[in-house]
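Student: After the structure tokens below, expect a handful of questions from me.
Just so it is clear, none of the values below were taken in a lab; they were calculated from the coordinates. Given the structure is predicted, the values throughout are model-derived calculations rather than measurements. Glycine gets a Cβ as well: all are built from the backbone with ideal geometry, and neighbour counts include every protein chain shown.
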Amino acid sequence: MVLNGGYPPGTFKNSRPYGMPPFAQSLSDVEVAAVVTYIRTAWGNCGAPVTVKEVNELRSALLY
Ligand code: HEM
């Protein structure tokens, strides 16, 4: 989501859903790893940290 952004599907009752802009061009691997790790561990969330290597690998992931 942070690298590529995205849109939920439009529906009859919500034909123009809010989208998220991509941040691949404006944030470094270190910055994306930091912000995603923060989201995953703040506010009582207990997700595992995301590494700089994982972010770098996801830059070339196929988007279906
Ligand atoms: C660096 C800044 C940002 C971060 C770290 C971030 C993070 C995220 C994450 C992790 C999700 C997925 C949430 C989930 O799994 O349910 C998400 C979704 C979303 N974000 Fe962001 N976001 C950022 C900036 C923005 C901005 C600037 C906007 C709007 C102008 C935005 C709009 C949205 C929307 C509309 C979704 C839902 C998209 C969908 O359901 O397909 N985000 N964001």
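Student: How high is the relative contact order of the chain? Use alpha-carbon pairs under 8 Å, at least six apart in sequence, and give a whole percent.
Tutor: This gives 26 percent for the chain.
Student: Sticking with this structure for a sec: Using 7 Å Cα-to-Cβ label points, what is the Asn56/Thr11 separation (nm, one decimal)?
Tutor: Rounded to a tenth, the inter-label distance reads 4.1 nm.
Student: Which one, Thr11, Leu62, Ile39, is farthest towards the positive end of the dipole of the chain when Lys and Arg carry +1 and Asp and Glu -1 on their Cβ?
Tutor: Thr11
Student: Ratio of alpha-carbon Rg to the 2.2 N^0.38 Å globular estimate for the chain, to two decimals, please.
Tutor: 1.30
Student: Hey, another quick one. For segment 8-18, just list the computed ³J(HN,Hα) in residue order, Karplus coefficients 6.51, -1.76 and 1.60, θ = phi - 60°, integers in Hz, with x standing in for Gly and Pro.
Tutor: My calculation for segment 8-18 gives x, x, x, 10, 4, 8, 9, 6, 10, x, 5 Hz in order.
Student: Same structure again: Could you tell me how many degrees, from 0 to 90 and to the nearest 10, lie between the Cα long axis of helix 29-41 and the main elongation axis, the longest principal axis, of the Cα atoms of the chain?
Tutor: 80
Student: Turning to a different aspect of this structure: How much length, in nm to one decimal, is gained on full extension between Ile39 and Leu63, taken as 0.36 nm per residue of separation minus their Cα-Cα distance?
Tutor: Computed gain between Ile39 and Leu63 is 6.4 nm.
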